[in-house]
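The structure appears right after this line, and notes come after that.
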């Protein structure tokens, strides 16, 4: 595979491309190996992804039957199946992890969505998942709720790699970055090393345009802002990243070997067919960033993507557009707050559907 494709082009500008999907079929068919050869440097998962992979295929039926016969309940079966896939994927990405000195090659596994408002429960499950996967290149995904922030800080202090997920706003991002930095400071204060701990802050992108565009259309004004606010929001977060990880406070940790918590652009598949299929990839390329891309968008980026240093582009324009949005009476904070709730609800629903599906499959297969 040539190293001259758009994925390697983005990497040359400091961005790692990860795949936002994992399944047994992807692992066993050789498709994941092809992605790695093409430059993909990590994988993210979530309950919706596993609901599609496990609940809607027969690929896991043999394992489900075996686990049912062992007396495992549906939650234990879910954990066993997902941990097995994540461990296998982590092994595939281990060369990337080693080559990048521990800055890439990660596979993410999410804690139960039912724990989104339970800091203590989240920390406990994060420790369990880290122990079960037992791979240095696994990240535990924790939703960026108020209780999730506490869990993120504690997990970083414990030395667990964390993918802080379901971030929609600049305020959320700032709190996640603070939790990460404070967690490293807690760890350092305990006399423990801060090197070798990796983290990303996953900002969901396309859903912001989906929500804002509807409000713009209903108001019959601000049409020029359509398809612009999601990228502006992400670029504003990147500005905050540059500030937070350049001051004296961060430098003191960096001198001890700490690595930055990279902004990760999530939900980057284009939902509006009128927009470019690579809009949320082409527009957000730059140093110390990750873009986790669904397979279809990944193919489009390889075929027609445009590579350039874009994440810091048009800063005056973004300030103007965000100000114009506010002047129209549209509160971006209200939009992102609603999106967080909807995201939490969607992941919880997918998780429960998957557990119910596993239970039904188990009963049917063992019947």
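Bear in mind that the values in this text are calculations on the coordinates, not laboratory data. Since the model is a prediction, treat every value here as computed from it, not as a measurement. Heads up, the Cβs are rebuilt from the backbone with ideal geometry, glycines too, and the neighbour counts pull from every protein chain shown.
Summary of values
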item	result
Gained length - residue 210 relative to residue 251, 0.36 nm times residue gap less alpha-carbon distance	11.0 nm
Peptides 208-214, 324-330 ordered by average Cβ neighbours within 10 Å, highest first	208-214, 324-330
Degrees between helix 74-99 axis and first principal axis of the chain (Cα, 0 to 90, nearest 10)	60
Max mean-square fluctuation residue, GNM over the chain, Cα-Cα springs under 10 Å, options 78, 97, 275	275
Paramagnetic label zone (point 7 Å from Cα along Cα-to-C-beta, residue 224; backbone N under 11 Å) in region 308-336	321, 324
Theoretical ellipticity at 222 nm over the chain - DSSP helices of four or more residues, -39500 (n - 2.57) apiece, nearest 500	-18000 deg cm²/dmol
FRET efficiency, 1/(1 + (r/R0)^6) with R0 41 Å, evaluated for residue 75 and residue 188 via beta carbons	0.70
Label-point separation, residue 66 to residue 240 (7 Å along Cα→Cβ), nm	4.5
Ordering of 313-322, 352-361 by burial proxy (mean other Cβ atoms within 10 Å per residue, highest first)	352-361, 313-322
Crossing angle, helix 295-304 versus the chain [Cα axis fit, 0-90 degrees, rounded to tens]	40
Computed label-point distance, nm, for sites residue 338 and residue 353 using a 7 Å Cα→Cβ extension	2.2
Cα-based helix-to-principal-axis angle, 146-157 vs the chain, degrees rounded to 10	70
For a label point 7 Å along the Cα-to-beta-carbon line of residue 363, residues of region 58-93 with backbone N under 19 Å	61-62, 64-78
Between region 33-61 and region 160-200, the Cα center-to-center distance that results, in Å	26
Among 53, 350, 296, residue whose mean-square fluctuation peaks in a GNM of the chain (springs only between Cα atoms under 10 Å)	296
Ordering of 242-254, 5-17, 132-144 by burial proxy (mean other Cβ atoms within 10 Å per residue, highest first)	132-144, 5-17, 242-254
Label-to-label distance, nm, for residues given as residue 346 and residue 37 (7 Å Cα→Cβ offset)	3.3
Rounded FRET efficiency, nearest 0.05, which uses the C-beta distance separating residue 272 from residue 84 and R0 of 45 Å	0.80
FRET efficiency for residue 124 and residue 101, using Cβ-Cβ distance with R0 set to 35 Å, rounded to 0.05	0.70
Max mean-square fluctuation residue, GNM over the chain, Cα-Cα springs under 10 Å, options 221, 155, 19	221
Part-to-part distance (alpha-carbon centres) for region 260-328 and region 79-138, which is given in Å	26
